[in-house]
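Engineer: Okay, handing you the structure first.
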C-alpha cells in the first residue's frame, strides 16, 4: 500500500512500517509519484537523487534484520545548503554549480544514523537570501496550493516538496524567517530552534550570528521528533550550545500565559491574516489560556538592525567564494580579474546587493553609525524579549503579514520583500526559538491559502513550543 | 555620529565598494545597485532614531571553544578529497595565476 504523504505524519508512517501496512519502498514510491505528477508545475527540487529506491530498499532490509532507527525508511528532503557527503550542493547559486560535498553536515550525519531516506536537494533562494524562492539561480519554486503564487522562502523548495507529498518532512535553514514563513505559506509546521541548539557544521553559511537549521513537518509532534534527533552540542561548531543549557527544565504549565505584542503587529497586516490570528487568539482563550498585551518597544527597529547586521555577515561569509578552491572559476587576464569575474558572474543580484551593502556598513567611517549602532539596538531588543518573558510564558504573533503572494509581486523593490519577515526577524535577532503552526486559511481570489501563527518561547525552551503547539493543534 | 540620511552613493563610491568586494558588474547593473543600496540604506538609517541611552553591556558569556592542541588527524587524510573540488590543481597544490 502506498499512502499519500500529504496526509501522513512521521509518527503514522513509522507505525505503518512497524505493522507492515507499507514498506519504506512504498513511502519512497509515493514520494516519487508525487514528484512525477507535481514537479513540472512546482519545481521544488533541484535534484531528485537517482538512488532513492535503493536507499528505501536498504532501509527495508535493515528493518527486516531487526535494526532500529528513529527514522528508518522515512523519506526526507534537505535544502540545498545542507551538505551530504558525495552529493552536489549549490545553495541555489551558480557560483557553486557542480560542487560536490566532501563531508557530511552534522545534521545529515545524524539523520543518516537514524536511517532516513533522502529524496533530493530542495530549491532555495540563492544563499538563502529571500522570502519567495524567486531568487534561486535555477528558477523559482511555486506554491502547491496555488501555482501562481510563491511557496515563501528561502526554504520554499523544502516546504513545497513536503506540501505536495514529494517527501514526508524536510529541513530548511532559518536566518530571519526562512523556515517559518514558508511553513505558513504551505500549511506546515516550521521550527526555528534556539540559536546554537542545532549544529551548523556543514551548513552553507549566510548570517553566522543568526542561522539555524529547522524541520518542516505536517505535525508538531513530527517537528519535535526531528528537532530531538538533530539538536545537541557539536565540537565541529564553535557556536553550538553545551547540552547543559537544556537541562533542568521547569515543569510545564498545562495552560500557558500568552503575550501578544499588540502595537507591533497592528500595522501592515493583511485583513485575512488579521482574521485568522484573531480566531487563533480566540481558540487559545476558549482552551482556558490567559492572553495579555505586551510591549516589544524595539521590535520596530528589527528589520533595520537585520539589514545592517546580516549583510555585514554576508559580505564576510561569501568572501570565501573566490573561484580558486571549489565551485565556479571564470578566468581573466590576471589573478585579480579571476576573482572579479568569478564573483561577478557567479553571484546573482540579491547576493551582490547584500555583499555591497555589507561592505558599505563595515567600511571605515560608517562602521559606528551602522554596525555598532545596530548591535547596540539588537541588545535592547533581546532585553525586550527577556522582560516580556518575565510576564508571560510564550509570545504569539502572525508568522508573516500576508498569505502567499503572486510570483513577481515583490521582486521590483527589495524592501517590499524584506517586509515579509517583519514578525520573524525580531525572534532571530534575539536568538530565541519559535514555531509556526497552521492556524487557518485566507480566502484570496476564490482560493484557500494556508496561514500560520508564530509561537515564540524563551531561550532553549523548545519544549514549551511543542507543548503549546500541540495544545493548539488539539492533541 | 554621521548624518546617514544624506548619504548618496556616487558612481565612484560604488566602484570602490565593488572592487573591495571583488565583484565585476556591467554599467547598467552598477546603476541599479546604486539605486537599490541607497534605498535600503535610507530605510535602515531609521536606526539612528533608536534610543541611545547608556551603551548596552556586552552580555555574551565567553567560553573556550577551541580544541586542545595536538594532531587532529593524520596529515594528508583529506587532501585528495578536498583538492578534487579545485578548478585547477598542480599535484597536491591548488594552481592560481601569478600573484606578483
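The values are calculated or read from the model by the stated rules, or taken from the named source; none is laboratory data. Quick caveat: nothing in here was measured; it's all calculated off a predicted structure. In this analysis, Cβ positions are derived from the backbone assuming ideal geometry, glycine residues included, and neighbour counts consider all displayed protein chains.
Engineer: Can you report the number of residues in the stretch A:88-98 which are buried (at least 19 other Cβ atoms within 10 Å of the Cβ), in a loop (DSSP other than H, G, I, E, B) and either within 14 Å of chain B (Cβ to nearest Cβ) or in contact with a strand residue (DSSP E or B) (Cβ under 6 Å, 6 or more places away or on another chain) (or both)?
Structural biologist: Final tally of qualifying residues: 3.
Engineer: Continuing with the same structure: Out of (1) touching a strand residue (DSSP E or B) at 6+ places or on another chain (Cβ under 8 Å); (2) modelled with pLDDT of 95 or more, the odd one out for residue A:447 is which?
Structural biologist: (2)
Engineer: Right, another one. With the stretch A:207-297 as the region, which strands (runs of 3 or more DSSP E) entirely inside it contain at least 3 residues that are under 30 Å from residue A:448 (Cα atoms) and touching a residue at least 40 places away in the same chain (Cβ under 8 Å)?
Structural biologist: Counting at least 3 such residues, we get A:212-217, A:257-260.
So that you can scan it fast, the table gives a plain yes or no per residue for (1) in a loop (DSSP other than H, G, I, E, B); (2) within 21 Å of residue A:176 (Cβ to Cβ):
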{"position": "A:410", "(1), (2)": "yes, yes"}
{"position": "A:423", "(1), (2)": "yes, yes"}
{"position": "A:426", "(1), (2)": "no, yes"}
{"position": "A:443", "(1), (2)": "no, no"}
{"position": "A:450", "(1), (2)": "no, yes"}
{"position": "A:453", "(1), (2)": "no, yes"}
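Engineer: Report, by residue number, each residue of the stretch A:121-145 that is on the phi > 0 side of the Ramachandran plot and outside any loop (DSSP other than H, G, I, E, B).
Structural biologist: A:127, A:128
Engineer: List the residue pairs whose Cβ atoms are under 6 Å apart, where the first residue sits in the stretch B:31-51 and is within 7 Å of another protein chain (Cβ to nearest Cβ), the second is assigned to a helix (DSSP H, G or I) and surrounded by fewer than 20 Cβ atoms within 10 Å (Cβ to Cβ), and the two are 6 or more positions apart or on different chains.
Structural biologist: Note: pairs meeting the criteria are B:43/A:415.
Engineer: Find the residue count for the stretch A:52-71, including only residues that are in a loop (DSSP other than H, G, I, E, B) and in contact with a strand residue (DSSP E or B) (Cβ under 9 Å, 6 or more places away or on another chain).
Structural biologist: Residues meeting the conditions: 1.
Engineer: Residue A:292 - would you say it is away from chain B (no Cβ under 14 Å) and at pLDDT below 95?
Structural biologist: Answer is no for this residue.
Engineer: Suppose we keep only residues that are over 16 Å from residue A:151 (Cα atoms) and at pLDDT 95 or above within the stretch A:403-423. Which one would you say is surrounded by the most Cβ atoms within 10 Å (Cβ to Cβ)?
Structural biologist: Residue satisfying both the conditions and the ranking: A:423.
Engineer: Can we say residue A:400 is closer than 30 Å to residue A:253 by Cα, more than 7 Å from chain B (Cβ to nearest Cβ), modelled with pLDDT of 95 or more and surrounded by 24 or more Cβ atoms within 10 Å (Cβ to Cβ)?
Structural biologist: It is true that residue A:400 is closer than 30 Å to residue A:253 by Cα, more than 7 Å from chain B (Cβ to nearest Cβ), modelled with pLDDT of 95 or more and surrounded by 24 or more Cβ atoms within 10 Å (Cβ to Cβ).
Engineer: Pull up the stretch A:327-341, narrow it to residues that are at the interface with another protein chain (Cβ under 7 Å from one of its Cβ atoms) and either under 26 Å from the mean Cα position of the chain (by Cα) or not in a loop (DSSP other than H, G, I, E, B) (or both), then point me to the one that is farthest from residue B:37 (Cα to Cα).
Structural biologist: If we take residues in the stretch A:327-341 being at the interface with another protein chain (Cβ under 7 Å from one of its Cβ atoms) and either under 26 Å from the mean Cα position of the chain (by Cα) or not in a loop (DSSP other than H, G, I, E, B) (or both), then A:335 is farthest from residue B:37 (Cα to Cα).
Engineer: Here is a further query. Go through the stretch A:10-29 and give me each residue that's more than 21 Å from residue A:161 (Cα to Cα) and in a helix (DSSP H, G or I).
Structural biologist: A:15, A:16, A:17, A:18
Engineer: Considering only the stretch A:59-80, state which residues are within 25 Å of residue A:157 (Cβ to Cβ) and surrounded by fewer than 19 Cβ atoms within 10 Å (Cβ to Cβ).
Structural biologist: Result: A:70, single match.
Engineer: Within the stretch A:357-373, track down each residue that is part of a helix (DSSP H, G or I) and either within 30 Å of residue B:82 (Cβ to Cβ) or touching a strand residue (DSSP E or B) at 6+ places or on another chain (Cβ under 7 Å) (or both).
Structural biologist: A:358, A:359
Engineer: Which residue, of A:320, A:352, is within 8 Å of chain B (Cβ to nearest Cβ), without any contact (Cβ under 8 Å) to a residue 24 or more places away in the chain and either under 30 Å from residue A:376 (Cβ atoms) or buried (at least 18 other Cβ atoms within 10 Å of the Cβ) (or both)?
Structural biologist: Answer to the selection: A:352.
Engineer: Condition (residue is under 28 Å from residue B:78 (Cβ atoms), in contact with a strand residue (DSSP E or B) (Cβ under 6 Å, 6 or more places away or on another chain) and part of a loop (DSSP other than H, G, I, E, B)) applied to the stretch A:182-191: is it met by at least one residue?
Structural biologist: No, the stretch A:182-191 contains no residue that is under 28 Å from residue B:78 (Cβ atoms), in contact with a strand residue (DSSP E or B) (Cβ under 6 Å, 6 or more places away or on another chain) and part of a loop (DSSP other than H, G, I, E, B).
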